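S.K.: Pasting in a structure now, in structure tokens, and then I'll have a few things to ask.
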Amino acid sequence: MSIEENKSVVRQFFATFGSPSSVDALLTPSYVHHDPALPPEMQHGREAYKQVVAMFNSAFPDLQTTVEDLIAEGDMVAARWTWRGTHRGAFQGIPPTGKLVGGPGLSIHRLADGKIVEGWFSFDALGLMQQLGVIPAPGQPATAH
């Protein structure tokens, strides 16, 4: 696959985030999702990744991602993206707040034969927790729970 074809696969990955059929179409069955914010059992295999997608889509049913930049070389594609969604379902034990939240993210994707084999993800999880009111933002007083 060419660099442009690999970039197209990654663009499609973000454009269709949340669709189980797109996960099947774009990820290999043995896909590995490296993400320090997730437990190990959610990082190995396409079926495990569907649980990640379901968790985010349940909590943020209107979730949208926007690819800001793609840089590729060989079989690797790096992406800088932003996401946003309304917190309408429980997320990691946090009850719905109704808040519109979002933030930046970075990821690197390794592809083979037109599918994503492996991905390394990092997004502003601290910023998300601050937006949800779980952690005070800088300059705001902490609240007792």
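Read the figures in this text as sums done on the coordinates, not as results from a lab. Just so you know, these numbers come straight off a predicted model, no measurement behind them. Neighbour counts run over all protein chains shown; Cβ positions are idealised from the backbone, glycine included.
S.K.: Could you please tell me which pairs satisfy a Cβ distance under 9 Å, a separation of 6+ or placement on different chains, a first residue in the stretch 50-67 that is touching a residue at least 40 places away in the same chain (Cβ under 8 Å), and a second residue that is surrounded by fewer than 16 Cβ atoms within 10 Å (Cβ to Cβ) and among the acidic types (Asp, Glu)?
M.R.: Between residues of the stretch 50-67 that are touching a residue at least 40 places away in the same chain (Cβ under 8 Å) and residues that are surrounded by fewer than 16 Cβ atoms within 10 Å (Cβ to Cβ) and among the acidic types (Asp, Glu), there is no close pair.
S.K.: I've got another one for you. In this structure, is GLY139 crowded, with 16+ Cβ neighbours inside 10 Å and either more than 17 Å from ASN6 (Cα to Cα) or polar (S, T, N, Q) (or both)?
M.R.: It is false that GLY139 is crowded, with 16+ Cβ neighbours inside 10 Å and either more than 17 Å from ASN6 (Cα to Cα) or polar (S, T, N, Q) (or both).
S.K.: If ASP75 passes every condition in (1) over 18 Å from HIS34 (Cα atoms); (2) in contact with a helix residue (DSSP H, G or I) (Cβ under 9 Å, 6 or more places away or on another chain) but one, which one does it miss?
M.R.: With respect to (1) over 18 Å from HIS34 (Cα atoms); (2) in contact with a helix residue (DSSP H, G or I) (Cβ under 9 Å, 6 or more places away or on another chain), ASP75 is out only on (1).
S.K.: Next up: Go through (1) closer than 26 Å to GLU4 by Cα; (2) surrounded by 14 or more Cβ atoms within 10 Å (Cβ to Cβ) one by one and return the number of the condition SER30 breaks.
M.R.: (2)
S.K.: With respect to PHE60, determine if the residue is aromatic (Phe, Trp, Tyr) and over 22 Å from THR28 (Cβ atoms).
M.R.: So PHE60 passes the test.
S.K.: For the list (1) under 18 Å from LEU126 (Cα atoms); (2) surrounded by 14 or more Cβ atoms within 10 Å (Cβ to Cβ); (3) free of Cβ contacts under 8 Å to residues at least 60 places away in the same chain, I need the number of the one condition that MET42 fails.
M.R.: Only one criterion in (1) under 18 Å from LEU126 (Cα atoms); (2) surrounded by 14 or more Cβ atoms within 10 Å (Cβ to Cβ); (3) free of Cβ contacts under 8 Å to residues at least 60 places away in the same chain is unmet by MET42, namely (1).
S.K.: Please find, within the stretch 1-33, the residue that is nearest to the chain's Cα centre (by Cα) out of those that are in a loop (DSSP other than H, G, I, E, B) and within 22 Å of SER58 (Cα to Cα).
M.R.: In this case the residue turns out to be PHE17.
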